[in-house]
Amino acid sequence: MLLSNNWNNNRNGSGGSKFGNGGGKFGGNNVSKFGGGGGRFGGSGGGFGGKKEFGGGQNMKRPNWDSVSLQPFNKDFYNPHPSVLNRSPYEVEDYRNKHEITVSGVEVPNSIQHFEEANFPDYVLQSISGQGYKEPTAIQAQGWPIAMSGKNLVGIAQTGSGKTLAYILPAMVHINNQPPIRRGDGPIALVLAPTRELAQQIQQVASDFGNTSYVRNTCIFGGAPKREQGRDLERGVEIVIATPGRLIDFLEKGTTNLQRCTYLVLDEADRMLDMGFEPQIRKIIDQIRPDRQTLMWSATWPKEVKKLAEDYLGDYIQINIGSLQLSANHNILQIVDICQEHEKENKLNVLLQEIGQNQDPGAKTIIFVETKRKVENITRNIRRYGWPAVCMHGDKTQQERDEVLYQFKQGRASILVATDVAARGLDVDGIKYVINFDYPNSSEDYIHRIGRTGRSKAKGTSYAFFTPSNSRQAKDLVSVLQEANQVVNPQLQTMADRCGGGGGGWNRSRFGNGGRGGGGSFKRGSNFGRGGGGGGHKRFNDY
DNA sequence: AAAAAAT
């Protein structure tokens, strides 16, 4: 056994009040403390009802948690390793600085620096080393001790930063500390994600680590037959990973319920809000017992996300990896070509040829296009020129989407043409080039798109065709380029100067700052401001 | 105006 058991003293030392009565168990009676109508949780009550299709909620009443007889929920699995507890504040500070970790909140546990310190049980550690992971990433180093303490957590971090593992492994530990699932029980852990592909990626990670822990999972999403998903739910699973719509469907039908759910993860919360999922998310969370642990992840920290955190997380610890300023991966060479709309097609052909000539055979390319229809057209055109292209967008059946992604991953087709459905979270190895055939609607989207390349320390190149109709975005783009130490196309600079005025509202207005619950203000890296040029921080992968 | 997400 790796785990020593003298943690009990330490825990008492930091005040038993943290966990309520000091006893680990939260029985049904304790729950009422949190529940009740006007409590701190679920304050926004019937916050749904906006959208017709999903709204209503007639079929799904919010449980009265006082009257629901809940299975006990064991929060008493906090097991911090003495070496972490005894680590000097300076060492912790130093580690956080080096990894650009900023934290806010009350009683933030020290970060770990090695897997062994996380105090995961042996079976989890074994699967970690079995998968070939060496060192925890920044988000894991700081996220694990917090998640393992049972506290609520807000993590501002990107996909590819290792955040999936940061919440899945503690989920395993959490689950294994709960009474087993019984007949008719819903899942203990629920992960909500914005897109079907992302949900499936998360499920893959959960399966990789779940097998050794005897933790079952299922992935619930639309576009696929219901039968199998429903069967999984009825049979009983510990983890459900879901996109909101289909899950609500199952909840309304009573196929599953969330009365056993004590570990909730909201992944890419900003994205889910962008996509208008807020009513659905609220509807789902209102089905989950208030004494749960909640972990919310977001790439950005706009006020909508902050509001969600305030409504549903109560007290939480916030961690932020890298600067709060949105910045592109510095491993990517960014090239911006100013042109007219009608020139694009020809330019694409030339570009593909250039790429084709000097690239290694395994290299992959993603081409981002504005609309589904244009995706189809462009794919047809470049295929006519002999390029091995496949395409993906939201009108394709899920089966087609899965198949296309598989072909692209396998390298059977090295070019993927896609709408923004593929802009975020898509984790495919070997993408060398990203071509923004149509410039996206925001710098945020741009950064996410080009982030499909240059993952885990690899180099990548991005191209963007930038037309006069995009000129409103010129200024923002220039700051992104400057921040990443890129050469700025003089024509782009001219456009940015001409379209001065307000310039790039998103990044000022959309980022609040963290800090909550009397724990001092959010500590910022030295590069926090909108400084151009100098920044040495890497947002996406300094791991 | 477009994209994503339940049927």
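What the table below lists for this structure:
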item	result
Only listed residue being over 21 Å from A:S456 (Cβ atoms) and of a type in the set (S, T, N, Q), chosen from A:T102, A:T137	A:T102
Those strands (runs of 3 or more DSSP E) lying entirely in the range A:261-376 with at least 1 residues in contact with an Asp or Glu (Cβ under 9 Å, 6 or more places away or on another chain) and hydroxyl-bearing (S, T, Y)	A:293-298
Residues that are under 12 Å from A:K364 (Cβ atoms) and either part of a helix (DSSP H, G or I) or in contact with an Asp or Glu (Cβ under 9 Å, 6 or more places away or on another chain) (or both), drawn from the range A:388-404	A:V390
Residue satisfying condition, being under 24 Å from A:Y446 (Cβ atoms), touching a helix residue (DSSP H, G or I) at 6+ places or on another chain (Cβ under 8 Å) and not polar (S, T, N, Q), within set A:I338, A:I248	A:I338
Selection within the range A:200-249 - more than 16 Å from A:T164 (Cβ to Cβ) and among the acidic types (D, E)	A:E228, A:D232, A:E234, A:E238, A:D249
Verdict on A:I146 being buried (at least 23 other Cβ atoms within 10 Å of the Cβ), in contact (Cβ under 8 Å) with a residue 12 or more places away in the chain, more than 15 Å from the chain's Cα centre (by Cα) and more than 24 Å from A:C219 (Cβ to Cβ)	yes
Condition broken by A:N441, with the remaining ones in (1) under 24 Å from A:D267 (Cα atoms); (2) assigned to a helix (DSSP H, G or I) satisfied	(2)
Residue in the range A:239-271 that is nearest to A:P194 (Cα to Cα), counting only those that are within 11 Å of DNA strand B (Cβ to nearest atom), of a type in the set (D, E, K, R) and out of contact with any Gly (no Cβ under 6 Å at 6 or more places or on another chain)	A:R271
Flag for A:G236 being on the phi > 0 side of the Ramachandran plot, away from DNA strand B (no atom under 14 Å from the Cβ) and out of contact with any helix residue (DSSP H, G or I) (no Cβ under 7 Å at 6 or more places or on another chain)	yes
Some residue of the range A:236-252 being without any contact (Cβ under 8 Å) to a residue 60 or more places away in the chain, under 26 Å from A:V428 (Cα atoms) and assigned to a loop (DSSP other than H, G, I, E, B)	yes
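So that you can scan it fast, the table gives a plain yes or no per residue for (1) assigned to a strand (DSSP E or B); (2) within 16 Å of DNA strand B (Cβ to nearest atom); (3) in contact (Cβ under 8 Å) with a residue 40 or more places away in the chain:
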site: A:K151; (1), (2), (3): no, no, yes
site: A:I168; (1), (2), (3): no, no, yes
site: A:H174; (1), (2), (3): no, no, yes
site: A:E197; (1), (2), (3): no, yes, yes
site: A:I202; (1), (2), (3): no, yes, yes
site: A:N211; (1), (2), (3): no, no, yes
site: A:G223; (1), (2), (3): no, yes, yes
site: A:R227; (1), (2), (3): no, yes, no
site: A:R231; (1), (2), (3): no, yes, no
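Values quoted throughout were computed directly from the atomic coordinates according to the rules given, and no laboratory measurement underlies them. It should be emphasised that the depicted structure is a prediction, and the values quoted were computed from it without experimental measurement. Glycine gets a Cβ as well: all are built from the backbone with ideal geometry, and neighbour counts include every protein chain shown.
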